[in-house]
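The values are calculated or read from the model by the stated rules, or taken from the named source; none is laboratory data. Bear in mind that the values here come from a model prediction, so they are computed numbers and not experimental data. Note: ideal-geometry Cβ built from the backbone for every residue, glycine included; neighbour counts use all protein chains shown.
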């Protein structure tokens, strides 16, 4: 599941993902993201992966890639904050799907990640 974090502002869209993400989660997230990008062009993203275990299906992973591809030019920076080695690898693997600067931070670097994302 995902939740919109209170750090969200005109220049920073902050999201926490946890548990497993489903296709339905992306179907709810995508309209919110579209609305935010229409109101606030080229914000940065802060994605906090706390207790995140992945996707519940290939369909959910495909929805994730669709969002990445559709908005590949719409975001300045993406700060991914995680707690598992595979999340760091996933951050690296996502770079070809966006023109944004992408960086990975450990969970204890959350504040540093936010500042990096907002500095763009």
Candidate set: region 62-100, residues that are at pLDDT below 85 and within 18 Å of residue 19 (Cβ to Cβ); chosen: the one nearest to the chain's Cα centre (by Cα): 64
Looking only at region 71-108, how many residues end up being loosely packed, with under 15 Cβ neighbours inside 10 Å and within 15 Å of residue 45 (Cα to Cα)? 4
May I ask you to list the residues in region 74-89 that are under 20 Å from residue 30 (Cα atoms) and free of Cβ contacts under 8 Å to residues at least 24 places away in the same chain? none
For residue 9, are the conditions met, namely being under 19 Å from residue 104 (Cα atoms) and out of contact with any helix residue (DSSP H, G or I) (no Cβ under 7 Å at 6 or more places or on another chain)? no
